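Student: Below you will find the structure I want to go over with you.
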Amino acid sequence: MTSRLIAIGDIHGCANALDVLLALILPQTGDRIVTLGDYVDRGPDSKGVIDRLIALRETCEVIAIQGNHEEMMLEVLRGDTPHDSWVQFGGVATLDSYGFIGSLDILPPEHVEFFDSMVDHYESDEHFFVHANYDPARSLEDQEIYQLRWQKLTEVVPPPHPNGKKAVVGHTHDPEFEIFDVGHLICLDTYCYGGGWLSALDVNSGRIWQADMEGEQRIREAASPK
Ligand SMILES: [Mn+2]
């Protein structure tokens, strides 16, 4: 049995859906889990999501990619930027989950460590993982932050990257809650906080696990085994 390399789409504070999803996946030693970013904002328990991802590191390798929402949050919490746009994009729910009472010094040290550990991209032999999008004219090391963290697939679906690997992304939620797959790119943001699914994909087997905010769950095997 080949080892599992599992990508998880945008969680956005949906800690309960993450619990159900992880109970389906049953992470074990040797698994690699790549979380695609946007752990915080919009949903009810951003702090709980970070707690769970930190705990998950006791069991398996967790590679956490930074989303645009972590970028917005950290810029505000570090005092680099006014809070207006972050609050507008769901930051109030995050502040609530951390028990905000007026001081922006809300992150426990282990959360600071988690956010410091985030990366912009990850790759395996056949796949690469980024939060939002990519520029096919640039290597993964040389991407612009705008493409990596902000550019929606509704703006542009890029052609295949010359590295020949399949892109695994989040960020552009599907209003119909479906996984978007164009062959060279797959998007796992199935809009959990908006009533859809939190989705996970084992890129090696094609198996898909999904959970929602109400605790519904489903597992789909790959249509055609690799
Ligand atoms: Mn995003």
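Read-outs: derived from the displayed coordinates by stated rules, not from any lab. Here the structure is a predicted model, which means the values were calculated and not measured. Neighbour counts run over all protein chains shown; Cβ positions are idealised from the backbone, glycine included.
Student: Under 27 Å between C-alpha atoms is the cut-off here; go through the chain and count lysine pairs that meet it, provided they're at least eight residues apart or on different chains.
Tutor: The result is 5.
Student: Here's another thing I want to ask about it. From the backbone phi of the stretch 148-162, what are the Karplus-calculated ³J(HN,Hα) couplings (6.51 cos²θ - 1.76 cosθ + 1.60, θ = phi - 60°) in whole Hz, Gly and Pro given as x?
Tutor: Going residue by residue, I get 5, 10, 10, 6, 7, 6, 6, 7, 7, 9, x, x, x, 6, x Hz, with x marking Gly and Pro.
Student: Treating the beta-carbon of each Lys and Arg as +1 and of each Asp and Glu as -1, no other charges, what is the dipole magnitude of the stretch 1-156 about its Cα centre, to the nearest 20 debye?
Tutor: 400 debye
Student: Also: If you put +1 on each Lys and Arg Cβ and -1 on each Asp and Glu Cβ, how big is the dipole of the stretch 83-200 around its Cα centre, in Debye rounded to 20?
Tutor: Computed charge dipole of the stretch 83-200: roughly 220 debye.
Student: Taking Cα pairs under 8 Å and at least six residues apart, what relative contact order does the stretch 83-218 come out at, in percent?
Tutor: Computed over the stretch 83-218, the figure is 13 percent.
Student: Further, regarding this structure: Based on Cβ point charges of +1 for Lys and Arg and -1 for Asp and Glu, what charge dipole magnitude is obtained for the stretch 50-110 about its Cα centre, in debye rounded to the nearest 20?
Tutor: The calculation lands at about 80 debye.
Student: Share of antiparallel DSSP beta bridges in the chain, in percent to the nearest 5?
Tutor: 50 percent
Student: Could you let me know the centre-to-centre spacing of the stretch 132-178 and the stretch 53-115, using Cα atoms, in angstrom?
Tutor: Value for the Cα centre distance between the two parts: 23 Å.
Student: Let a ≥ b ≥ c be the square roots of the eigenvalues of the Cα gyration tensor of the stretch 11-127; is it rounded (a/c under 1.5), or, if not, prolate (a/b larger than b/c) or oblate?
Tutor: Prolate, because a/c is 1.5 or more and a/b exceeds b/c.
Student: Further question on the same structure: Taking the inverse of the average 1/r across all pairs of different Cα atoms in the chain, what Kirkwood radius in Å do you get?
Tutor: One decimal place: 17.5 Å for the Kirkwood radius.
Student: Same structure, new question: If you take the square roots of the eigenvalues of the alpha-carbon gyration tensor of the stretch 87-208 and sort them as a ≥ b ≥ c, do you get rounded (a/c under 1.5), prolate (a/b over b/c) or oblate?
Tutor: prolate
Student: Give the residue from 100, 117, 145 lying farthest towards the positive end of the charge dipole for the stretch 77-226; charges sit on Cβ (+1 for Lys and Arg, -1 for Asp and Glu) and the dipole is referred to the Cα centre.
Tutor: 145
Student: Would you work out which of 14, 33, 3 lies farthest towards the positive end of the dipole of the stretch 1-44? Charges go on Cβ: Lys and Arg +1, Asp and Glu -1.
Tutor: 3
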